[in-house]
1. With N set to the number of residues, divide the alpha-carbon radius of gyration of the protein assembly as shown by 2.2 N^0.38 Å and report two decimals.
2. If we hang a label 7 Å off Cα along the beta carbon direction at residue A:85, how far is it from the matching labels on the other copies, in nm, shortest first?
3. Measuring from a point 7 Å out along Cα→Cβ, what nm distances, shortest first, does residue B:170 have to its partners in the other copies?
4. Taking N as the number of residues in chain B, what is its alpha-carbon radius of gyration divided by 2.2 N^0.38 Å?
5. Rg (Å, one decimal) plus Dmax (Å, integer) for the alpha carbons of the range B:22-73?
6. List the trypsin sites (Lys or Arg not before Pro) within the range A:132-222 that DSSP assigns to loop and that have no more than 13 neighbouring Cβ atoms inside 10 Å.
7. For a 30 Å ceiling on Cα separation, which of these pairs sit above it: A:206/B:206; A:181/B:26; A:67/A:181; A:181/B:221; A:67/B:203; A:67/B:67?
8. May I ask you to derive the FRET efficiency for residue A:64 and residue A:145 from their Cβ-Cβ distance with R0 = 22 Å, giving the value to the nearest 0.05?
There are 2 protein chains.
Amino acid sequence: MSDSKTAKTKPANVIKALGRPVDTTKSATILNAASHEFFNVGFAQSSIESIAARAGVSKVTVYNRFKTKEALFAAAVGNECAVMRQALSVEATSGGTIRERLVHFGMEMVAFLWRDEMVRFERHLAVEVEHNPEIGLLFLDAGPRRLHQALSQLLDEAVADGELEIDDTEQAAEHLSGMVKGMADLERRFGANISMAKIPDPKAAKRVNSAVDLFLKSYGKC
Amino acid sequence: MSDSKTAKTKPANVIKALGRPVDTTKSATILNAASHEFFNVGFAQSSIESIAARAGVSKVTVYNRFKTKEALFAAAVGNECAVMRQALSVEATSGGTIRERLVHFGMEMVAFLWRDEMVRFERHLAVEVEHNPEIGLLFLDAGPRRLHQALSQLLDEAVADGELEIDDTEQAAEHLSGMVKGMADLERRFGANISMAKIPDPKAAKRVNSAVDLFLKSYGKC
DNA sequence: GTTTTATTATACGGAACCGTTCAATAATGT
DNA sequence: ACATTATTGAACGGTTCCGTATAATAAAAC
């Protein structure tokens, strides 16, 4: 009937914590090291030993925290997705004309997606999705669907404010983000190293602006 | 001064072909088997032995034709790109209204990209691009850039015929193809198995049609 | 001090696989 | 027949690496 935790130690409800306490910082350090290895050289090319070395930790400790290599990978993906979630939650675009807001959103989106780490993360995640579909959905929920939802909401508010005239804002959001990425999305994934490309990319600015132009030509009120 | 090949065999310009002749069909068989393995389970997970077994060939024969595993991979990519090239060269969309032509192009593009093999090919290619940028460009030239060029040309002709009014057809083509892919492109890469999705996808048809609608609302003349 | 638990360093078994070697065989010419 | 080249099957050295085990050490409570 009583709580199992309190039942373990008879008198108090505070666990004694006998022996050397677990270093709570290590798990996060391991996850960061794992992310670095996994999303730079790939799952198969990453060794637990190198991850442990990077984390400044013994290999056994890695296995103590994470049962297997695949579990560690899944945890690393989860960690990365959590970071992404937080980064995208500060995405409150308000103020300025609707054109300014849309361009701002588009440029932020491009800047976010075109980062080296994001490109590599996407690449190495996509292959592993093939025999672990869950991590794909994890990413979709943390990133793309979240972005799409944010843009849809932005459009909804603009419609409510009478700045836009859209019947299907979800469809409109999909179109806009699609245009913002454009053909450059493929160059990003298959082209020369991203790190060699200029940030910010002048071509990106042009693409985003003309996308918003096209978008507003149909949905804008003025 | 003389041709090096004729200089090798003194009298004739026809090589004798001594000994057992090379089975010219084997290289193609090996490449197909390699493609199957590489783009289904990945480069690192593929073994030369299993590729040879699938091709019904000895491992030594594989090494006789292709110097190393990476060379075999590059050759497999090249082969796949050649196939893609040929598939895309039959892309002569003509006849019907401009709307019909654009919708047709969009649907063909979706059907092409959403195939299982294409999805897996893209996934496994993207990771290998990281330490072999050449194969990425190979793919870009055989696929995406080719498609983009075809669409741009289609738009150019429509402009010449007075059906459309566009100042930058390349930019317009990028926007249109971007909209056609939309958010679904991410679901395609990171979502559940494609083979479970219906072909043709009713959502895709809706997306393509509304994309063309938006496109024509700005660039159309009527 | 002792006890208990976390962590490390090291080593190990076992598996997978790349690329090579070698002897044997097959398929063509002369 | 013979010579020559392609191909095969099998085995091998070497490497990498997962996951586990073991003995020693570190950090806490008592």
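All of the numbers you see were taken from the coordinates with simple rules; none came from a lab. Remember, predicted model here, so these are calculated numbers, not experimental data. Positions of Cβ are backbone-derived with ideal geometry, glycine not excepted, and every protein chain shown enters the neighbour counts.
1. On the way: Rg = 26.7 Å, N = 444, 2.2 N^0.38 = 22.3 Å.
So the Cα radius of gyration is 1.20 times the expected 2.2 N^0.38 Å.
2. Nearest to farthest, the other copies are at 4.7 nm.
3. Those label-point separations list as 3.7 nm.
4. On the way: Rg = 22.6 Å, N = 222, 2.2 N^0.38 = 17.1 Å.
It is 1.32.
5. According to the Cα coordinates of the range B:22-73, Rg and Dmax are 9.7, 30 Å.
6. Working: sites: A:145, A:146, A:181, A:188, A:189, A:198, A:203, A:206, A:207, A:217, A:221; in loops: A:198, A:221.
Hits after loop and neighbour filter: A:198, A:221.
7. Numbers: A:206/B:206 28 Å; A:181/B:26 42 Å; A:67/A:181 39 Å; A:181/B:221 26 Å; A:67/B:203 41 Å; A:67/B:67 39 Å.
In this structure, A:181/B:26; A:67/A:181; A:67/B:203; A:67/B:67 exceed 30 Å between Cα atoms.
8. Values: r = 34 Å, r/R0 = 1.56.
It comes to 0.05.
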